[in-house]
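Asks: Just passing along the structure, written as structure tokens.
Only the coordinates and a few stated rules stand behind these numbers; no lab work does. Note that this is a predicted model, so its numbers are computed, not measured. Don't worry about glycine lacking a Cβ; one is built from the backbone with ideal geometry, like all the others, and counts go over all protein chains shown.
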């Protein structure tokens, strides 16, 4: 009889930690800490709900529905199950998430040591090497959990933990008063900052890796897979929360040594140098590269697995090469322009992801009615569409005045109330028609 041991659960939990702990997430908490100052902890509480809790629930929602995002999206309609997953996988994978891993790793780990005259060549060489390693480690998806859980994640955790401990034992400064925008409604501000990580979308992509890892042990019962995923996910949640708290604390001490820093990566680099000199920069560079690499491997493997299922004429391995070849080019030309397009698109997609996750978790309460999903997703999608246009700097004219009546629209989450209200209307419509409970 196949069993999922405690050690297997630990490895899977560490793998989930590594999948979500990309370099983008690594640089968010220091900015939060530096700006929130003495209000950091209440702000961090809000951040952890949407930046850690929501992605965890996203993986659970997929495991409760089946094997992949299509199964979850199918709760709304077959058409939605065809279109939405493809948009998510392409957006968070080869068109955005994967290219960004190489550029972020380069900018923090390599760029500080490269003369300006050689930046273009250095980025080209680095991205080729980075994606060669990504291809090598992605070609055998069955080995991902072992490689992450046994090797890459422990090394990453050791480096980050060491860096945090040094910063706690020998702080380079102290927390100051909160700065804008964290001078009021700090919990809500943190909540929205966590929402901005967009890890809920990544969770829908990464779920297939987690589920396949459990199935490799011969476990096929959906309830058992969900239970194992919840246990492993709890390890990832604890690890992410502790690391984010440590990095946020470092941010609170950084105002003097990292004054006028451009971003979270700049804050970390200046902190690393202040704490350990060039050795600190080397360690930070290694940690960032590992964090980016684990995310790149996870996104590549998940995207290749999904695409090979909807286009079986092309094998998983071929898709790995196609994705990494494409993202190598994008990493070197046009990434800035691509980001200007993809970030607004993700802003438009994100409300749909959160509504889908939330409704699936409460599926039993509304009898699994498709109408609840369809009405709620439609309402969220319409508001999300206007959020996307707003991110593209499109002038909405009188539409803006109407949308401003929605609670939290200015904060970018005005879709919440319409989604809940129209989801309730969908339930009333289905119930009035006497439809039976849907399993």
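Asks: Taking 7 Å along the Cα-to-C-beta vector as the label spot, tell me the residue 49-residue 231 distance in nanometres, rounded to one decimal.
Replies: 3.0
Asks: Next question. May I ask you to order 284-294, 411-421, 114-124, 60-70 by the average number of other C-beta atoms within 10 Å around their residues, highest value first?
Replies: Going from most to least packed, we get 284-294, 60-70, 411-421, 114-124.
Asks: Please identify, among 29, 407, 99, the residue showing maximal mean-square fluctuation in a Gaussian network model of the chain using a 10 angstrom Cα cutoff.
Replies: Per the Cα network of the chain with a 10 Å cutoff, 407 tops the list.
Asks: Under the 0.36 nm per residue contour assumption, what length would be gained going from the current alpha-carbon distance of residue 124 and residue 278 to full extension?
Replies: Here the answer is 53.0 nm.
Asks: Here is a further query. Would you calculate a helix-derived [θ] at 222 nm for the chain, using -39,500 (n - 2.57) for each DSSP H run of n ≥ 4 and dividing by the full residue count, to the nearest 500?
Replies: Dividing the helical sum by the residues of the chain leaves -23500 deg cm²/dmol.
Asks: So how far, in whole Å, is the C-alpha centre of region 48-82 from the one of region 383-439?
Replies: Result: 19 Å between the Cα centres.
Asks: Hey, another quick one. Taking a virtual spin label 7 Å from the Cα of residue 402 along the C-beta vector, which residues in region 372-392 bring their backbone nitrogen under 17 Å of it?
Replies: Only 378-390 fall inside the zone, counting backbone N under 17 Å.
Asks: Which order results if 185, 199, 363, 262 are arranged by neighbouring Cβ count within 10 Å, fewest first?
Replies: 262, 185, 363, 199
Asks: If you don't mind, another one. How far, in nm, would the chain grow between residue 410 and residue 83 when pulled straight, counting 0.36 nm per residue and subtracting the alpha carbon separation?
Replies: 114.9 nm
Asks: Follow-up question, since we're still on this one. Between residue 223 and residue 238, what is the spin-label point distance in nm, taking each point 7 Å from the Cα along the Cα→C-beta axis?
Replies: That separation, rounded to one decimal, is 2.6 nm.
Asks: Could you tell me whether region 162-311 comes out rounded, prolate or oblate from its Cα gyration tensor? Rule is a ≥ b ≥ c as square roots of the eigenvalues, rounded for a/c under 1.5, then prolate if a/b exceeds b/c, otherwise oblate.
Replies: Verdict is prolate for region 162-311.
Asks: Separate question: Can you tell which of 283, 365, 338 shows the greatest fluctuation in a Gaussian network model of the chain with Cα springs below 10 Å?
Replies: Evaluated over the chain, the most mobile residue of the options is 365.
Asks: With a Förster radius of 30 Å, plug the Cβ-Cβ distance of residue 286 and residue 180 into 1/(1 + (r/R0)^6) and report the FRET value to the nearest 0.05.
Replies: After rounding to 0.05, the efficiency reads 0.30.
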